[in-house]
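Step one of this worksheet: look at the structure below.
The values are calculated or read from the model by the stated rules, or taken from the named source; none is laboratory data. Not measured: the values here are computed from a predicted model. Virtual Cβ from ideal backbone geometry, glycine too; neighbours counted across all protein chains shown.
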Amino acid sequence: MYGHIHMMNTNPKPLNMKEELYIETQRESVTYCIPAGLHDWSVKALRRAMTGEEKMRAMETLLKVCNAEGCFWEGLNAIDQLISDHDIAEHRSRLLFLAGEMSAGLYEYDKATGYYARSLACPIRTKDQHIATVSKLGFCNLYRQDFNQAEEWSRWAIKLGPYSWEAWKNLGVSLEHQGQIEEAFLAYFKAVFLSRGWAVPVMHMIRLSQRNPGMVPDVGGLRSKWYKEYEFIF
């Protein structure tokens, strides 16, 4: 008589990308100090603005408030009302980028990818804006678990801005989930170094070390150094 045959479950456990990417930790790492009445002021300023520069200044302030208070839908609605305004043509890339950030705040990464791609297609954009947008596209593809595409965007972002710790961190995540453990560790190490010990890349490197003992150095005792940014929004 044959004994019972225990079949091993070969289906990989679904990834929880909120855990994998430490979204909440990243969000909580910045404390915003918002003056009372700033929301209403920015809404009124946006209505009264006449030039593209005035409209963008008011919009930037409103979106910072929306981000700090988690009112991402309000931010998206405000952008949708302004996006076709001819006065902001030279600022459209920035505005679409901000729409991507509002969508990411809602965990709508397919929608965010669309906004970032449209931002990248705009003919007028700064170099910093270009780098940030490419990096964000890498991050969105991580959340969508398209790790190969995330790697391509991340490597492009690093080529454009080699000192971007976020791009190196995104590269590390994409490589880790493709089984390229040693190279992922080096990417995380670079992110930790460039960020001066920011908590997010530190936790990624610790996690990789704990998951792959013997393959990469043991950094379980590494402690992140928190850099709280107290940003006053005016």
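Things to note:
- Long-range neighbours under 9 Å by Cβ, at least six apart or interchain, first residue touching a residue at least 60 places away in the same chain (Cβ under 8 Å) within region 185-207, second crowded, with 19+ Cβ neighbours inside 10 Å and among the basic types (Lys, Arg): Trp198/Lys169; Val200/Lys169; His204/Lys169
- Helices (runs of 4 or more DSSP H) lying entirely in region 110-179 (those with 2 or more residues that are in contact with a His (Cβ under 8 Å, 6 or more places away or on another chain)): 147-160, 165-176
- Meets criteria (in a helix (DSSP H, G or I) and either of a type in the set (Phe, Trp, Tyr) or within 17 Å of the chain's Cα centre (by Cα) (or both)) for Leu62: no
- Lone qualifier among Gly114, Gly105 - being of a type in the set (Gly, Ala, Ser) and crowded, with 18+ Cβ neighbours inside 10 Å: Gly105
- All conditions in (1) surrounded by fewer than 24 Cβ atoms within 10 Å (Cβ to Cβ); (2) more than 16 Å from Leu208 (Cβ to Cβ) hold for Ala167, with the sole exception of (1).
Residue-wise test of (1) at pLDDT below 95; (2) crowded, with 24+ Cβ neighbours inside 10 Å; (3) more than 18 Å from Gly114 (Cβ to Cβ).
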site: Gln129; (1), (2), (3): yes, no, no
site: Thr133; (1), (2), (3): no, yes, no
site: Gly138; (1), (2), (3): no, yes, no
site: Gln145; (1), (2), (3): yes, no, no
site: Ala150; (1), (2), (3): no, yes, no
site: Trp153; (1), (2), (3): no, yes, no
site: Ile158; (1), (2), (3): no, no, yes
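- Some residue of region 193-208 being buried (at least 23 other Cβ atoms within 10 Å of the Cβ), under 14 Å from the mean Cα position of the chain (by Cα) and of a type outside the set (S, T, N, Q): yes
- Looking across region 1-50, the residues that are of a type in the set (S, T, N, Q) and at pLDDT below 90 come down to Asn9, Thr10, Asn11, Asn16, Thr25, Gln26, Ser29, Thr31.
- Against the conditions (1) closer than 19 Å to Met17 by Cβ; (2) surrounded by 12 or more Cβ atoms within 10 Å (Cβ to Cβ); (3) basic (Lys, Arg), Lys190 satisfies every one except (1).
- Test: residue in region 41-48 that is more than 27 Å from Pro201 (Cβ to Cβ), in a loop (DSSP other than H, G, I, E, B), β-branched (Val, Ile, Thr) and out of contact with any Pro (no Cβ under 6 Å at 6 or more places or on another chain): no
- Filtering region 80-91 to residues that are in a helix (DSSP H, G or I) and closer than 16 Å to Met50 by Cα leaves Gln81, Leu82, His86, Asp87, Ile88, Ala89, Glu90, His91.
- Counted residues, region 180-234 - those being part of a loop (DSSP other than H, G, I, E, B) and at pLDDT 90 or above: 2
- Top-ranked residue in region 61-71 [being of a type outside the set (A, V, I, L, M, F, W, C) and surrounded by 16 or more Cβ atoms within 10 Å (Cβ to Cβ); ranked as modelled with the lowest pLDDT]: Asn67
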